[in-house]
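FYI, it's all coordinate maths here, none of it is from the lab. Being a predicted model, the structure only gives us computed values, none of them experimental. Quick reminder, even Gly has a Cβ in these numbers, built from the backbone with ideal geometry, and neighbours come from all protein chains shown.
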Amino acid sequence: MDKWQELEAKYFMRTVKRLRVTLVRGRGCRVWDASGREYLDFVGGWAVNSLGHCHPVLTRAIRDQAGKLIQASNQYYTVPQVELAELLVKNSCLERVFFCNSGAEANEGATKLARRYGKLHLKGAYEIITTHSSFHGRTLAMVAATGQHKFQDPYIPLPDGFVNVEYNSIEAIKSAVSDKTCAVMLEPIQGEGGVNVPADDYLKKVRALCDEKGILLILDEVQTGLGRIGSLFGYQQYGVEPDIMTLAKGLGSGVPIGALMAKERAAVFQPGEHGSTFGGNPLACAAAVAVVKYIIENDIPGKVMKLGEYFTAGLLQMKQEFPFITQVRGRGLLLAIEFSTDIGEQITDACLERRLLVNRVKPNALRFIPPLIVTKSEIDEGLGILREVFKKWQVERK
Ligand code: PLP
């Protein structure tokens, strides 16, 4: 343990089991620890550092805005938030925006908006259908929305109004819809739940059902949005348009910011019905403007699609070589491999020893969510380290 880790053990609440690395610096897809060791980062702050660490475009935007105006009450107009709203609206199918500070807060906003819509247009319907293995955040309501017992059980009783059903099953949603339902909330690909990719026509079927019943489709694109799966927004690959969409993670490439977006007809909040002190602050919005412009102007989504295919091919090759890899899944740079047994922790530790950061998304699965600016040679380097780790693992098991 270094001195920082000792102090952490003394002062912190025990909410996270950390890996024994104290990071002090980052650049691109690399980070360095307190003793100067370099790591290749395929975690990217949990799918956050879209432009990698300390991209000059981002640091310049932060520095410039920090010298002008950092925070102002939302009772006043500020320029970066209007610029960001215009950028997001013009490049998506949504028409109105509300800014906040995280994914959970964006989803809370989506929930409130859907309930408001239910009161106004659906005779008070308030229930939201969500799915098993989803992840929508850590606030109490989002824990209720999140279909995973390990996040829910410690906090029961949970807020009412969420029905968790099987993912990738239109029948499950159909049988859960009632006159109390105001919306269905889904991730286009489940991230934290293990990188679960639904059937290609799943979202289309859900969209059609929502239209038939007159209820809203909320897409949680906190993880899939901003280029992560090879399109600016995930929904663009599935031939559907959501009524409400939430963003966070990659939007600020490390600067905390979230967004709740909606079609005009669903944007029913009236003044005073929702708000956030820090939401839409000029500093975070200026950072996000720089990030979103960079992503669009440099066709990052198109590059991600190709890099994702390249990375996937490398992982599939390894699946051939190592029988304990049972599945490779994901899209773009949201990828995972699954093992036949719960070896995720040992593999993550072995990668760390060889200076590769990967995420154990389930006891038997690793997730790869590198910065979107990762290069082919960095992917090769990462695959090379994984191969060494798997080879050693195979030998030791024999
Ligand atoms: N929604 C999805 C799909 C996520 O992946 C996450 C975080 O992993 C969240 C919501 C919660 O975001 P935050 O941790 O910023 O509150």
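If I stretch the segment between residue 24 and residue 278 completely, what's the gain in nm (0.36 nm per residue apart, minus their alpha carbon distance), one decimal?
That works out to 88.8 nm of additional length.
What percent do you get for the relative contact order of the range 98-234 when only Cα pairs under 8 Å and 6+ apart count?
23 percent
Distance between Cα centroids, the range 48-84 to the range 222-240: provide it in whole Å.
For the range 48-84 versus the range 222-240, the Cα centre distance is 23 Å.
Longest exposed-loop-site-free stretch of the chain, with chymotrypsin sites (Phe, Trp or Tyr not before Pro), DSSP loop and at most 14 other Cβ within 10 Å?
Counting only loop sites that pass the neighbour cut-off, the longest clear stretch is 78-398.
Work out how much length residue 70 to residue 320 would gain on full extension: take 0.36 nm times their residue separation and subtract the Cα-Cα distance, in nm to one decimal.
Details: separation 250, 0.36 × 250 = 90.00 nm, distance 5.21 nm.
Result for the pair: 84.8 nm of gain on full extension.
Once R0 is set to 51 Å, what does the formula 1/(1 + (r/R0)^6) return for the Cβ-Cβ distance between residue 63 and residue 395, expressed as a FRET efficiency to the nearest 0.05?
It comes out at approximately 0.55.
Taking the Cα centre of the range 130-278 as origin, sum charge times position over the Cβ atoms of Lys and Arg (+1) and Asp and Glu (-1), and report the length of that vector in debye to the nearest 20.
180 debye
Can you pull the three principal axis extents for the Cα set of the chain, in Å, largest first?
The principal-axis extents, from largest down, are 63, 53, 44 Å.
How many angstrom lie between the Cα centre of the range 93-154 and the Cα centre of the range 277-307?
Computed from Cα coordinates, the inter-centre distance equals 24 Å.
Consider a paramagnetic label point 7 Å from the Cα of residue 178 along Cα→Cβ; state which residues of the range 128-162 have an amide N under 13 Å from it.
Residues 128-129, 161-162 qualify, since their backbone N sits under 13 Å from the label point.
What lysines could a cross-link reach from residue 398, if we take a straight Cα to Cα line under 19 Å and drop same-chain neighbours fewer than 8 places away?
Residue 398 reaches 319.
Looking at the range 108-139, which trypsin sites (Lys or Arg not before Pro) are in a loop (DSSP not H, G, I, E or B) and have at most 11 other Cβ atoms within 10 Å?
Sparse-neighbourhood loop trypsin sites (Lys or Arg not before Pro): 123.
Evaluate the distance, in nm, between pseudo-label points positioned 7 Å from the Cα of residue 112 and of residue 86 along their respective Cα→Cβ axes.
Distance between label points: 2.7 nm.
What FRET efficiency, computed as 1/(1 + (r/R0)^6) with R0 = 22 Å and r the Cβ-Cβ distance, is obtained for residue 349 and residue 32, rounded to the nearest 0.05?
0.70
Around residue 389, with a cut-off of 9 angstrom between Cβ atoms, what is the net charge of the other residues, counting Lys and Arg +1 and Asp and Glu -1? Spell out each step's value before the answer.
Values: positive: 354, 387, 391, 392; negative: 353, 388.
Local charge sum for residue 389: +2.
In the chain, with Lys and Arg counted as +1 and Asp and Glu as -1 at Cβ, which of these residues, 111, 245, 100, has the Cα nearest the positive end of the dipole, that is, farthest along it?
Farthest towards the positive end: 100.
Does anyone have the angle between helix 56-66 and the longest principal axis of the chain? Alpha-carbon axes, 0 to 90°, nearest 10?
Approximately 50 degrees, to the nearest ten.
Taking the DSSP beta bridges in the chain as the whole, what percent of them are antiparallel, to the nearest 5?
Numbers: 31 of 48 bridges.
Beta bridges within the chain, antiparallel portion: roughly 65 percent.
Add -39500 (n - 2.57) for each DSSP H run of 4 or more in the chain, then divide by its residues: what number comes out at 222 nm, to the nearest 500 deg cm²/dmol?
-12000 deg cm²/dmol
Full extension from residue 381 to residue 77: what is 0.36 nm times the residue separation minus their Cα-Cα distance, to one decimal in nm?
This chain segment gains 104.8 nm when fully extended.
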